[in-house]
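No lab work stands behind these numbers, since they all come straight from the coordinates. All of these numbers come straight from a predicted model, not from anything done at the bench. All Cβ positions, even for glycine, are placed from backbone atoms using ideal geometry, and neighbour counts span all protein chains on display.
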Amino acid sequence: MTNVASKHKRLKSFMQRKHKKLVEESYNIMYTDHEESDVLTYEALQLDKKIKFLKF
């Protein structure tokens, strides 16, 4: 059971890092490329939903 919990923690950590990166990228290009910023924001929101689901 410990192995499953460890995998769960690593997956959650990976997803949180990816979410942070998407949000930062979206913010950085917000004024230069609105469309790409919107896409990155959408991806970050979808990832955030998955992270919240893992918090059970």
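Compute the acute angle (0 to 90°) between the alpha-carbon long axis of helix 34-54 and the principal axis of greatest extent of the alpha-carbon atoms of the chain; round to the nearest 10°.
So the inclination is approximately 20 degrees.
Relative contact order (percent) for the chain, with alpha-carbon contacts under 8 angstrom and 6 or more residues of separation?
Dividing the mean separation by the residue count of the chain yields 37 percent.
Compute the helix-to-body angle for 2-28: its Cα long axis versus the longest principal axis of the chain, expressed 0 to 90° and rounded to tens.
Roughly 10 degrees between the two axes.
At 222 nm, what value in deg cm²/dmol follows for the chain if DSSP H runs of at least 4 each add -39500 (n - 2.57) and the sum is divided by all its residues, to the nearest 500?
Values: 2 runs with 48 residues, N = 56.
Roughly -30000 deg cm²/dmol at 222 nm, from the helical runs in the chain.
Sum up the lysine pairs in the chain that clear both bars: alpha-carbon distance under 16 Å and a spacing of 8 or more or different chains.
Within the chain, the lysine pair count is 20.
Packing-wise, with mean Cβ within 10 Å as the measure, how do 34-41, 46-53 rank, highest first?
Final packing ranking: 34-41, 46-53.
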